[in-house]
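Report on the following structure.
The values are calculated or read from the model by the stated rules, or taken from the named source; none is laboratory data. These figures come from a predicted structure and were not determined experimentally. Reconstructed Cβ throughout: ideal geometry from the backbone, glycine too, with neighbour counts over all protein chains shown. Ligands, DNA and RNA are excluded from the accessible area calculation, which covers all protein heavy atoms including side chains. Shrake-Rupley method; radii C 1.70, N 1.55, O 1.52, S 1.80 Å.
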Amino acid sequence: MGYFNCFALGFFVALSLASIDVGVAARHLQQLPPMPTLPTTTLPPFPSIPNLPQPSIPSFPRPGALPPLPTMPALPTLPSVPTATLPPLPSMPSIPPIPTTIPSIPFFSPPPSPSP
């Protein structure tokens, strides 16, 4: 991640230094005296497009009825697929219940004190 930050910073600095030259060039162009007007030339007129004869499309004879389509042969019948029966799933063993009562901690009596 640190390498990316360093790369991004270097890219930003390079871009900033490149834009300084653009700003100086723009200011230089603004301070130039106005350009003299260029002489204009007249262009020759476009030639007219000649009218070409339109070709005639020949007419083809159209049949009154289309020929009949060939008949499809009957498809063969597929044999019936036997159905698979699965054995019953084994029953899952029951999970013992989690005890909800907290067992009591036995409290031992202190040892007898020695008598003097």
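Results, tabulated for the structure shown:
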read-out	value
Tabulated pairs, segment 55-77, first open to solvent by 100 Å² or more (accessible area, probe 1.4 Å), second part of a loop (DSSP other than H, G, I, E, B), C-beta under 9 angstrom, 6+ apart or interchain	none
Condition check for L43: open to solvent by 100 Å² or more (accessible area, probe 1.4 Å), part of a helix (DSSP H, G or I), modelled with pLDDT of 85 or more and on the phi < 0 side of the Ramachandran plot	no
